[in-house]
Amino acid sequence: MAETLLDRLKARIVRDGPISVADYMAACLGDPAFGYYMRRDPFGAHGDFTTAPEISQTFGELLGLWCAETWRQIGEPAPVYLVELGPGRGTLMADALRAVGKALPAFREALDPHLIETSPALRTIQKKTIGDATWHDDIAGLPDGPTLLLANEFFDALPIHQFVGKDRRERMIGLDGQNLAFTEDADDIVETCPAGQEIAAEIGRRLSAHGGAALIIDYGPAQSGPGDSLQAVRNHAYHPVLETPGEADLTAHVDFQALLTAARDAGATGYGPISQRDLLRRLGIETRIQALVPNADAAQQEAIVSGYRRLTDTDQMGTLFKAIALTGPDSPVPPAFDE
């Protein structure tokens, strides 16, 4: 029988002892041979989950126009690097480029697209979707210069550590017979994401040194707090976290406060969080929907309206998902964050 990631993890635990939740997430999502994101396209109806750019073209269009307006605010530098972290299929970037190409051709001419992606499978798809761009494994490889950065549902997939009890013991994953099992119950859990904080700090340093702005959209509470938010999703349904490692998506709530603190400590100015509903409405999603509907057939109209509701309704993605913005220290307040 062929080796699986479960076999590798069990052998590792037998050899070295229990592993952290962060090590487990890193292996499940990024193992070169078995990692969830390394071998497949997980997005859309035929995948395991659907993200905002796949739900409605207006999402990427509006984020592109956010970048265009921000570029105008900071003096229209040329070139300017348009960067996306974790671009998925490339749908968001493609919609953004199309929108700014029509609305502000000068911005489209000035921008240089860069994508941060470690998955060979997704890079192949992105190259077909976007075309001309530059790919990097991490943001340290980006060239120096003014940067406009987008990150949608990127930080929620970064490895987290979990700590339990008054003495804040790290929650680990070991073996119960032949099965993976947590070494501590899910009581009084505090989660941290050092990887996310370091990336936020790196973005802050870049914006402080070279100017620009970042827009980060993800899901989680507005205020930091305790709780077990680690979850697995497979075939558009919740899945046991420790079953079939590498075959399901793993995510956790994003600590927006921690990201803002890390970026501010690195020299950036931070704004938010605001709800995704407020972000998109302030950027004009209702106007865009009204422009799309008259030119669509009945089935398309239904898809446009349902996509809008899914992105903005309070019982859908509207309030669970939130946005923060980061800018250089002397930049004006970015679009949608001036209340």
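From the Cα gyration tensor of segment 53-101, with a ≥ b ≥ c the square roots of its eigenvalues, which class applies: rounded if a/c is under 1.5, or else prolate if a/b is larger than b/c, or else oblate? Provide the component values of the computation, followed by the final result.
Details: a/c = 2.60, a/b = 1.73, b/c = 1.50.
Because a/c hits 1.5 or more and a/b exceeds b/c, segment 53-101 counts as prolate.
If you build a Gaussian network model of the chain, linking Cα atoms that sit under 10 Å apart, which residue out of ASP144, ASP228, ASP176 swings the most?
Evaluated over the chain, the most mobile residue of the options is ASP176.
Tell me the net charge near LEU149. Cut-off is 9 Å between Cβ atoms, LEU149 excluded, with +1 for each Lys or Arg and -1 for each Asp or Glu. Mind showing how you got there, number by number?
Numbers: positive: ARG206; negative: GLU84.
After counting each charged neighbour, the total is 0.
Can you tell me the Rg and Dmax of segment 7-157, counting just the alpha carbons, in angstroms?
Rg, Dmax (Cα atoms, Å): 17.6, 59.
Of the beta bridges DSSP finds with both residues in the chain, what % are antiparallel, to the nearest 5?
In the chain, DSSP labels about 60 percent of beta bridges as antiparallel.
Top mean-square fluctuation among GLY204, GLY101, GLY141, Gaussian network model of the chain, C-alpha springs under 10 Å?
Evaluated over the chain, the most mobile residue of the options is GLY141.
If you stretched the chain out fully between LYS166 and ASN295, how much longer would it get, using 0.36 nm times the residue separation minus the C-alpha to C-alpha distance?
Result for the pair: 40.5 nm of gain on full extension.
Seen from all sides and averaged, what is the projected area of the convex hull of the Cα atoms in segment 1-42, in nm²?
3.4
Please list the non-local residues whose amide H lies under 5 Å from the amide H of PHE321, H modeled 1.01 Å from N, same-chain partners needing a gap of 5 or more.
GLN276
Using only C-alpha atoms and all pairs of different ones, pull out the Kirkwood radius for segment 96-254 in Å with one decimal.
It works out to 18.6 Å.
What is the packing order of peptides 281-289, 11-19, 181-189, taking the mean over residues of other C-beta atoms within 10 Å and listing the highest first? Before the final figure, lay out each step's value.
Numbers: 281-289: 17.0, 11-19: 12.7, 181-189: 14.3.
Result, highest mean Cβ count within 10 Å first: 281-289, 181-189, 11-19.
Build a GNM of the chain with springs between Cα atoms under 10 Å: which of GLN197, GLN178, GLN57 gets the top mean-square fluctuation?
Between GLN197, GLN178, GLN57, it is GLN178 that shows the largest mean-square fluctuation.
Over 30 Å between Cα atoms: which of LYS10/LYS128; LYS127/LYS322; LYS102/LYS322 fall into that group?
LYS10/LYS128
For q values of 0.16 Å⁻¹, compute log₁₀ I(q)/I(0) with the Debye formula on a Cα-only model of segment 163-227, without solvent.
Each listed q corresponds, in turn, to -0.76.
Per residue and in Å³, how big is the convex hull formed by the alpha-carbon atoms of segment 165-288?
Convex hull of Cα atoms, per residue: 157 Å³.
If the convex hull of the alpha-carbon atoms of the chain is projected onto planes in all directions, what is the mean projected area in square nanometres?
Directional mean of the projected Cα hull area for the chain stands at 18.2 nm².
Can you list residues whose amide H is under 5 Å from LEU148's amide H, if they're 5+ apart or on another chain and H is modeled 1.01 Å from N?
Close amide H contacts, sequence-distant or interchain: TYR81, LEU82, VAL83, ALA213.
Could you give the Stokes-Einstein D for segment 205-269 in µm² per second, using the C-alpha Kirkwood radius, 37 °C, 0.692 mPa s?
On the way: Rh = 14.2 Å.
After rounding, the answer is 230 µm²/s.
Read the figures in this text as sums done on the coordinates, not as results from a lab. This one's a predicted model, so the numbers in the text were calculated from it and none came from an experiment. Don't worry about glycine lacking a Cβ; one is built from the backbone with ideal geometry, like all the others, and counts go over all protein chains shown.
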